[in-house]
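Pasting a structure below so you can have a look.
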Amino acid sequence: MKKILLIEDEEKIAKLVAEYLTSEGFSVVTMGDGEAGLAGFNQERPDLVLLDVMLPKLSGLEVCSQLRQKTNIPIIMLTARSEEIDKLLGLGLGADDYITKPFSLRELVARIKAVLRRGTSEQAATRLAFEDMTLDTEQHTLITNGSTILLTPTEFRLLEIFLRSPGRVFTRAQLLEGAMGETFEGYERSIDTHIRNLRRKLEKETSKDYITTVFGIGYKLGASRA
């Protein structure tokens, strides 16, 4: 049974979501503010975090940032803000997905299952290598220059897609479908944020830009050609 940590300060929403997720076979732990949420994470070690953006004591974005410094656990942001910049800011901090309030509980469960699927490769376990990078899909680790790089589930799936087809150009829609399992309307451009985060992590360890932007199309693994 997968354990979900729900960090939500609106009691009615928290109760409704917790009851529905429990009926869907999840174990749910709820926390009402950001500080309690971080403490609850350390104590409960959940499989996924549902994180409201607007929280007392410590905002959801701050909680997300702190969690990403120590874990690659899947994070889904819950937000009442409709502005795209707020959604992408949350993803820029390392969240795997977002859902805007009010939301369908069925859709929320679908998102949760999709994000959890990203944490495990659907293909045969293997080691994928490119230059000085090695991706172990069984151990779910990326090693480069002797160092292990911590990736979110979405970043891991994106890199796996690239490593399985070096040099192939992928559209944003193809990467979104491959990484998320299904396409969410209005979400395609946010794949750029995940790519940017992945690039930053790779460049920090290797000083190389492995992922090339193919303007007007998408991305590929490997240097651009003149």
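Over the Cα atoms of the chain, what radius of gyration and what Dmax do you get, in Å?
Computed over the Cα atoms of the chain, radius of gyration and Dmax are 17.5, 57 Å.
Oh, and also: Excluding ligands, DNA and RNA, what is the solvent-accessible area per residue of the chain at a probe of 1.4 Å, expressed in Å²?
Value for the chain: 48 Å² per residue.
Treating cross-link reach as a plain straight distance, find the lysines whose alpha-carbon is under 27 Å from the alpha-carbon of Lys57, omitting any fewer than eight places away in the same chain.
Lys3, Lys12, Lys15, Lys70, Lys87, Lys101
So, with a 1.4 angstrom probe, what is the percent of accessible area on the chain that is carbon and sulfur?
It is 49 percent, rounded to a whole number.
Once every DSSP H run of n ≥ 4 in the chain is given -39500 (n - 2.57) and the sum is divided by its residues, what mean residue ellipticity at 222 nm do you get, rounded to the nearest 500 deg cm²/dmol?
Estimated from H runs of four or more residues: -12500 deg cm²/dmol.
Arg127 accessible area, nearest 10 Å², 1.4 Å probe?
Here the accessible area works out near 150 Å².
Give the longest segment of the chain that steers clear of GluC sites (Glu not before Pro) in DSSP loops with at most 16 neighbouring Cβ atoms within 10 Å, not counting the sites themselves.
Counting at most 16 other Cβ atoms within 10 Å as exposed, the longest clean stretch of the chain is 25-82.
Can you figure out the FRET efficiency of Phe215 with Lys3, using R₀ = 41 Å and their beta-carbon distance, to the nearest 0.05?
Computed FRET efficiency for Phe215 and Lys3 comes out at 0.45.
Roll a 1.4 Å probe over the protein heavy atoms and report the accessible area of Asp9 in Å², nearest 10.
Accessible area of Asp9: about 60 Å².
The values are calculated or read from the model by the stated rules, or taken from the named source; none is laboratory data. All figures in this text were calculated on a predicted structure; none of them were measured in a lab. For neighbour counting, all protein chains shown are included, and Cβ atoms are generated from backbone atoms with ideal geometry for every residue, glycine included. Protein only, heavy atoms only, side chains kept; ligands, DNA and RNA dropped before computing areas. Shrake-Rupley method; radii C 1.70, N 1.55, O 1.52, S 1.80 Å.
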